[in-house]
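Asks: Shown below is the structure under consideration.
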Amino acid sequence: MEQIKELEEVLELLNTKQYTKLRQYLAELNDADIAGLLEELEEEDMLKVFRILPKDLAADVFSYLDMDNQQKIITSLSDKEATNIINNLMADDAADLLEEMPANIVKKLLTNASPEVRRDINHLLRYPEDSAGSIMTVEYVDLKENLTVNQAIERIRKVGLDSETINICYVLDAQRRLVGTVALRYLLLMDGDEIIGDIMHENVINTLMDQEEVARQFKKYDFTAMPVVDNENRLVGIITVDDIVDIIEEETTEDMEKMAAIVPSDKPYMKTGVFETFKKRIPWLLLLMVSATFTGAIISSFEDALSVCAVLVAYIPMLMDTGGNAGSQASVTVIRGLSLNEIEYRDVPKVVFKEIRVALICGITLSAANFAKLLLLDKVGVLVAASVCLTLVAAVVIAMIIGCLLPILAKRLGFDPAVMASPFITTIVDAMSLLVYFRVASAILGL
């Protein structure tokens, strides 16, 4: 509700051309809130309002906009205005923007950027995508281990304004190798004559570590920032918690899309075109459709048995759905455990044993309820009911075993476990359930 009022106020001031008042009004708002207001405006109005913002505020607001709007603004600005934005952005935000821009615009922006900014951006752009180096920033506070607390605080006052964060400072030796970290709160609480080397702590990550692993480190140790070093332990940058929040969102979205058999996309849903959405979904749909033909082949191979006892056909959907649901439950639970490092490859026997016990309890419970339904409501014979219910137990057991094993094996082979989620597992379980069903029915009913 508050944002609606703010949006109406902005539009009113913009439409009545009260630009000075609009500038003052925006200056009183939070940077992220201004960005949210801009994204609610039509493109033409968004560009107008952005140009009204003071230069320093414009750069801060720009960093909160989504990538599409950032590109629209940058391409609409003059070279001087665009360069001012790039020069005032944190290096990691600028690098992220330039990675998505056309090469000719990137060249122009880097040419006009200050030497320091150009150096920092080029430094970040050379790291592999999804690595720690690609998400770090090079604006940080570094200290020497022989400084006193008072000297360290004085240095923070000098360089802190241009740093991503001053909450954590990084202690370096003469060769710029990282030897430890120290929190600002400790500096404020310590005696002014204390030596930095005596109060610092140690913890670092490598530039090539996967960004998902970096996120786990933040969660495990409750960090707000972490230093990143090269192979010689030289400090090259830091990763802050705001970057980690973006990574967690990105990785979660990617896993959800893979679990739904969709090729991952880095664009918001409403900004993805119909044809682009089609291209993301059709590969897996084609693969699953082809694989599902095995189910049809199994049914065809038992056509004679079905013609003798046609009632069996009525329970195929129930068996396939129950098996698929059981497999999906197991796979989702295991995938989550893998993503949180709760499950390792060595845990396979324990996981399988647990899932078999769960499957037996679930299968027997489902079969008991189904057996009563078949006899009392469907009025089928005891042998048919037994065939269906025994198959149900077997289908649930098979489904849960497959559901827990495939994600673990996928990770062991270097694939994303999320790929082995619902659609893929369901297709396998459907085929297995039918094979078991017809074999059990043939044995019991003598077909």
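Asks: What ranking, highest mean first, results for peptides 407-414, 223-230 when packing means the other Cβ atoms within 10 Å averaged over each residue?
Replies: By packing density, highest mean first, the sequence is 223-230, 407-414.
Asks: Same structure again: Keeping all protein chains in place and using 1.4 angstrom, which order do Asp246, Asp120 fall into by accessible surface area, from largest down?
Replies: Asp246, Asp120
Asks: Normalised radius of gyration for the range 5-53, please: alpha carbon Rg relative to 2.2 N^0.38 Å, two decimal places.
Replies: 0.97
Asks: In whole Hz, what ³J(HN,Hα) sequence does the range 378-393 give by Karplus (6.51, -1.76, 1.60; θ = phi - 60°), x for Gly and Pro?
Replies: 7, 6, 8, x, 4, 5, 5, 4, 5, 4, 5, 6, 5, 5, 4, 4
Asks: Still on this structure: Quick check on packing: order 183-189, 88-94, 436-442 by the mean number of other C-beta atoms within 10 Å, highest mean leading.
Replies: My ranking of the peptides, most packed first, is 88-94, 436-442, 183-189.
Asks: Which of the peptides 396-406, 26-36 is most tightly packed, and how do the rest follow, judged by the mean count of other Cβ atoms within 10 Å per residue?
Replies: Taking the mean over residues of other Cβ atoms within 10 Å, the ranking is 396-406, 26-36.
Asks: Rounded to whole Hz and in sequence order, give me ³J(HN,Hα) for the range 24-38 from the Karplus expression 6.51 cos²θ - 1.76 cosθ + 1.60, θ = phi - 60°, writing x for Gly and Pro.
Replies: In residue order, the calculated couplings are 5, 5, 5, 4, 8, 8, 5, 4, 5, 5, 5, 4, x, 5, 4 Hz.
Asks: Tell me, what is the Rg over Rh of the range 368-447, with Rh the Kirkwood radius over Cα pairs?
Replies: Radius of gyration over Kirkwood radius for the range 368-447 works out to 1.14.
Asks: Any idea of the accessible area per residue across the range 1-77, 1.4 Å probe, to the nearest Å²?
Replies: Roughly 57 Å² per residue, with all protein chains present.
The values are calculated or read from the model by the stated rules, or taken from the named source; none is laboratory data. Note that the coordinates shown come from a computational prediction; the quantities given were computed from them, not determined experimentally. With ideal geometry, Cβ positions are generated from the backbone for all residues, glycine too; neighbour counts draw on all protein chains shown. To get the accessible areas, we keep the full protein, side chains included, count just its heavy atoms, and leave off ligands, DNA and RNA. Shrake-Rupley method; radii C 1.70, N 1.55, O 1.52, S 1.80 Å.
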